[in-house]
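Single-structure report; data block below.
The values are calculated or read from the model by the stated rules, or taken from the named source; none is laboratory data. Here the structure is a predicted model, which is why all the values come from computation and not from measurement. Heads up, the Cβs are rebuilt from the backbone with ideal geometry, glycines too, and the neighbour counts pull from every protein chain shown.
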Amino acid sequence: MRRPRHIHIRALAVLAALAALAGCAYLALRPVDLSRWQQEGAGRWTVRGTDTGNDSVVQSENANPGLFFDPADQGGGRLYRITIRVDDGSDDDFIGFVLGYQAGELTGEPADEAGAGAIGARPDFLLIDWKRADQDYMDLGMARAGLALSRVTAPLRESPGAWAHDPADGVRELARAATLGRSGWEPGRDYLFEIRYTSHSLSVRVDGIEEIRYRTETGTLPEGGFGFYNYSQPAVTYSGVAAQRLSPLPWWALALLLLAALLLAAAAARRAARRRQESGDGTGSDGAGSGDGGSGNGGQGDGAADATSP
Ligand SMILES: [Ca+2]
């Protein structure tokens with residue numbers, strides 16, 4: 001039995017519209033549930049509920065390097081949006097983020113005794129850290145004020161790597177921020193971070209300004225999840241944490257798909273209108289009542305077709 005062409009077009013239009021809707025839902029920016037995140041290293045991380053869920057966390061200790069991260073996040077093209085704020089004017093140390101992080105990499109040890117986290121035993125992740133003020137501290141070297149991107153290939157602890165970005169200690173600086181590279185954070189001020197991370201590129205915007213843009217020309221950036229970083233800075237709040245999958249297709253391909261769905265829907269609507277008009281013309285006496293009778297006639301037509309082609 002051959003189906004009429006208009007049914008194919010209508011089905012295609014419905015499928016295209018559903019695909020477009022599913023794509024939009026899949027790629028939507030959503031609040032992140034921080035109650036499922038984990039802590040590694042030093043610090044005290046306390047999740048706080050808000051109107052939009054468990055999307056806020058406070059780090060309250062003045063301690064050695066520590067992380068709060070999403071063990072379920074395996075990256076694969078994400079946009080993260082976070083507001084960060086320090087409510088402490090007496091200290092001047094590090095706040096920040098990690099990317100491409102897998103459990104256990106901070107200390108270079110497996111995440112658990114069963115070895116489930118052993119994949120993270122060899123550190124290789126990206127660190128975005130932001131110090132408030134220059135500080136030459138004991139034998140750790142000089143920590144510079146400002147926002148910087150580094151690649152970490154050794155455990156992060158109280159040592160020249162975490163403190164001074166010493167490449168000999170496994171922390172190699174890749175870039176400093178465009179306008180905040182030598183400027184510290186200010187206490188009592190909200191900063192909106194938007195971080196885009198794919199296997200080959202990283203973009204960090206702060207309050208709408210792109211501060212860091214980094215691409216790897218050889219190989220890929222570290223695979224893994226997203227997390228918050230702290231080294232010796234209490235009273236840090238991360239709030240409004242939200243994440244979004246980045247489309248694997250460029251914007252113009254998505255626009256073409258949407259346009260195709262709209263064109264198919266328009267074609268289906270035109271055909272349906274023409275069929276109603278034709279059936280109205282062909283029934284003579286029904287003509288006067290064709291406004292209401294369109295669908296009724298359509299139903300009769302289908303019934304007749306079924307009766308003659310079992
Ligand atoms: Ca401190």
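A quick yes/no check of all residues on (1) more than 16 Å from the ligand (Cβ to nearest atom); (2) at pLDDT below 95:
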| site | (1), (2) |
| --- | --- |
| Leu34 | yes, no |
| Gln39 | yes, no |
| Asn54 | yes, no |
| Phe68 | yes, no |
| Gly104 | yes, yes |
| Gln135 | no, no |
| Leu147 | yes, no |
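Taking each residue of the range 258-281 that is over 18 Å from Ala11 (Cβ atoms) and looking for partners that are not in a helix (DSSP H, G or I) with beta-carbon atoms closer than 8 Å, six or more apart or interchain, yields nothing. Looking at the range 217-224, is at least one residue over 16 Å from the mean Cα position of the chain (by Cα), of a type in the set (Gly, Ala, Ser) and within 16 Å of the ligand (Cβ to nearest atom)? No, every residue in the range 217-224 fails to be over 16 Å from the mean Cα position of the chain (by Cα), of a type in the set (Gly, Ala, Ser) and within 16 Å of the ligand (Cβ to nearest atom). The number of residues in the range 73-90 being part of a loop (DSSP other than H, G, I, E, B) and more than 17 Å from the chain's Cα centre (by Cα) comes to 4. For the range 228-257, a residue qualifies if it is crowded, with 16+ Cβ neighbours inside 10 Å and not in a strand (DSSP E or B), and the qualifying residues are Ser232, Gln233, Pro234, Ala235.
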